[in-house]
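First the structure, in the form of structure tokens, and then the observations on it.
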Amino acid sequence: MFQNKLFNFALIIIISIAMLGVVAIVGFQYIGKSSEAAAKPKVVSTEELAKSQFVVDKITTNLSGSSLIQIGISLQADSTKTVEELGFLKVQAKDTINQILHSTTHVDIQNDKGYQQIRDRIKEGINKHLQKGKVVDVYITEIVVQ
């Protein structure tokens, strides 16, 4: 092309750097768009939420101390497959809830912080039994402490 080898070499380097810059800009734009799409929360319909809930039968048991509790719990699962799995593990789920309640006093339930801790402990305890999915939230639908 040109007679001067140094000029040819410099031209090739400049063109290579320019092409790398274009590729880098396009790549960052593509990665930025995919991370923005991942950052948007998925809107879930109420029907999907209802299908991914598992209702545990009402439980009546002793608390730590001399108190008695009657509690209704609904577990919000991450998918309908997890709800099926919870159906198979219903006995383990109830046992886990009973163990947690037996180690809880009526004082623990009286404030919001303790109430939330019980919900978190139930979620963590049941998630230990699950192989495929997970429980994302625990709802206490009814509670009576005597």
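Every read-out reported here was derived from the displayed coordinates using simple, explicitly stated rules and does not represent laboratory data. The shown structure was predicted, so the numbers you read here are calculated from the model rather than taken from an experiment. Don't worry about glycine lacking a Cβ; one is built from the backbone with ideal geometry, like all the others, and counts go over all protein chains shown.
Once you charge only the Cβ atoms, +1 for Lys and Arg and -1 for Asp and Glu, what is the size of the charge dipole of the chain about its Cα centre, to the nearest 20 debye?
Details: 16 positive and 14 negative charges, 105 e Å.
The dipole of the chain has a size of about 500 debye.
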Search the structure for amide H atoms under 5 Å from the amide H of K134, placed 1.01 Å from N in the peptide plane, and list their residues when 5 or more places away or on another chain. D78, S79
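Using helices alone, I'd like the mean residue ellipticity at 222 nm for the chain: each DSSP H run of four-plus residues gives -39500 (n - 2.57), total over residue count, nearest 500.
Working: 6 runs with 83 residues, N = 146.
One gets -18500 deg cm²/dmol as the mean residue ellipticity at 222 nm.
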Could you run the Karplus curve 6.51 cos²θ - 1.76 cosθ + 1.60 with θ = phi - 60° over the stretch 105-121 and give me ³J(HN,Hα) per residue in whole Hz, x for Gly and Pro? 9, 5, 5, 4, 7, 6, 10, 5, 5, x, 4, 5, 5, 5, 4, 5, 5
Specify which labelled value, from (i) 189; (ii) 156; (iii) 106, agrees with volume of the Cα convex hull per residue in Å³ derived from the coordinates of the model shown. (i)
Expressed as an acute angle from 0 to 90° and rounded to the nearest 10, what is the orientation of the C-alpha long axis of helix 90-102 relative to the principal long axis of the chain? 70 degrees
A correct Karplus calculation of ³J(HN,Hα) over the stretch 6-23, with 6.51 cos²θ - 1.76 cosθ + 1.60, θ = phi - 60°, whole Hz and x for Gly and Pro, returns 5, 5, 4, 5, 5, 5, 5, 5, 5, 5, 5, 5, 4, 5, 4, x, 5, 4
